[in-house]
Each structure stands twice: as structure tokens, then as C-alpha cells.
Amino acid sequence: MAPEMSLLWEVAIGEFLFVTVILGGGGAWMIGRSTALTWSGWGLMAFYVLLLTIAVRFIHFSLFGGTFFLPPATFGVALYYAVIDYIVLFAFAAAGRSFVRTRQMSRQYGVVRHEN
């Protein structure tokens, strides 16, 4: 498969959508959910998303012929697409965290109505 090398995806848009958005996004949503349920901080979530980004980059490399961090000749390209993947995955994790935390807060404290 010949790489397209777009601004957001390296090999093909379908591969980016499947690996990064669907598989990685689902994992990132669960990371956000678990850090919200355990009342962990944003730093721990960011670290977990970093680990997930490395796994997503490896899937891009091993299944679809994308770049990985080794050999050093491809490090720059791999780092660029890893940053793109990290931003997308962090957005999914933050959304999952926010969703669960909102549910926790509304269940704990309820809706406060002020009637005049």
C-alpha cells in the first residue's frame, strides 16, 4: 500500500479512522472513564494516553506499513504522527472523563433549583 502522507494520517484515512479513532478512541474513552471513577488526576490520564499512543503507533507500523520510532531515520515522521495520535486520543480520554465525572457529580449532589 503506497502511503498518502497527509496532515493527519500517514498511510490512508481508513486506517487512521479504524486504528486511531475507533480502536484507540475506545481505549482512550475507557482510560478517561477509569481515571474519573478512581478520582485519579489528569497527569495519570495523560501518562496512560501516552502508553496507548505508543501501542497505536505500533499497530500503524505493524499492520499498515506506517513509521515507528525505530530505526532513527523514521523517528521524526513517527514522532509527528504520534503527536497527532496523542492529541486525538487525549481528546477522547478527556471526553470520557468529563462524561463520567459529570454523572458522578450530578448523582452525588443532584440538581439544585432556585425558585423565586
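Just give me the residues in region 4-15 being without any contact (Cβ under 8 Å) to a residue 24 or more places away in the chain and part of a helix (DSSP H, G or I), in sequence order.
Selection gives 13, 14.
Which of the following residues is within 17 Å of the chain's Cα centre (by Cα) and touching a residue at least 40 places away in the same chain (Cβ under 8 Å): 41, 25?
Testing whether each residue is within 17 Å of the chain's Cα centre (by Cα) and touching a residue at least 40 places away in the same chain (Cβ under 8 Å) leaves just 25.
Name, by its number, the condition in (1) in a helix (DSSP H, G or I); (2) in contact (Cβ under 8 Å) with a residue 40 or more places away in the chain; (3) open to solvent by less than 40 Å² (accessible area, probe 1.4 Å); (4) not hydrophobic (A, V, I, L, M, F, W, C) that does not hold for residue 67.
Of everything listed in (1) in a helix (DSSP H, G or I); (2) in contact (Cβ under 8 Å) with a residue 40 or more places away in the chain; (3) open to solvent by less than 40 Å² (accessible area, probe 1.4 Å); (4) not hydrophobic (A, V, I, L, M, F, W, C), residue 67 misses just condition (1).
Show the residue pairs meeting these rules: Cβ distance below 6 Å; 6+ apart or different chains; first residue within region 85-100 and of a type outside the set (D, E, K, R); second residue open to solvent by 10 Å² or more (accessible area, probe 1.4 Å).
Partner pairs satisfying both residue conditions: 89/52; 92/29; 93/31; 96/29; 96/33; 100/33.
Quick test for you: out of 50, 79, pick the one residue that is closer than 22 Å to residue 93 by Cβ and free of Cβ contacts under 8 Å to residues at least 24 places away in the same chain.
Answer to the check: 79.
Taking residue 80, is it under 20 Å from residue 12 (Cβ atoms) and either at pLDDT 95 or above or of a type outside the set (A, V, I, L, M) (or both)?
Working: under 20 Å from residue 12 (Cβ atoms): yes; either at pLDDT 95 or above or of a type outside the set (A, V, I, L, M) (or both): yes.
Against the criterion (under 20 Å from residue 12 (Cβ atoms) and either at pLDDT 95 or above or of a type outside the set (A, V, I, L, M) (or both)), residue 80 qualifies.
Can you pull out the residues in region 22-40 that are more than 13 Å from residue 95 (Cα to Cα) and open to solvent by 40 Å² or more (accessible area, probe 1.4 Å)?
Step one: of region 22-40, the residues more than 13 Å from residue 95 (Cα to Cα) are 22-24, 37-40.
Selection gives 22, 23, 37, 38, 39.
Select, from 62, 98, 106, 40, the only residue that is more than 23 Å from residue 22 (Cβ to Cβ), modelled with pLDDT of 90 or more and either among the hydroxyl-bearing types (Ser, Thr, Tyr) or in a helix (DSSP H, G or I) (or both).
Only one candidate passes the filter, namely 40.
The values are calculated or read from the model by the stated rules, or taken from the named source; none is laboratory data. Owing to the predicted nature of the structure, the values given are computational and were not obtained by experimental measurement. Note that we place each Cβ from the backbone using ideal geometry, even for glycine, and neighbour counts take in every protein chain shown. The area values use the complete protein model at the heavy-atom level, side chains included, leaving out ligands, DNA and RNA. Shrake-Rupley method; radii C 1.70, N 1.55, O 1.52, S 1.80 Å.
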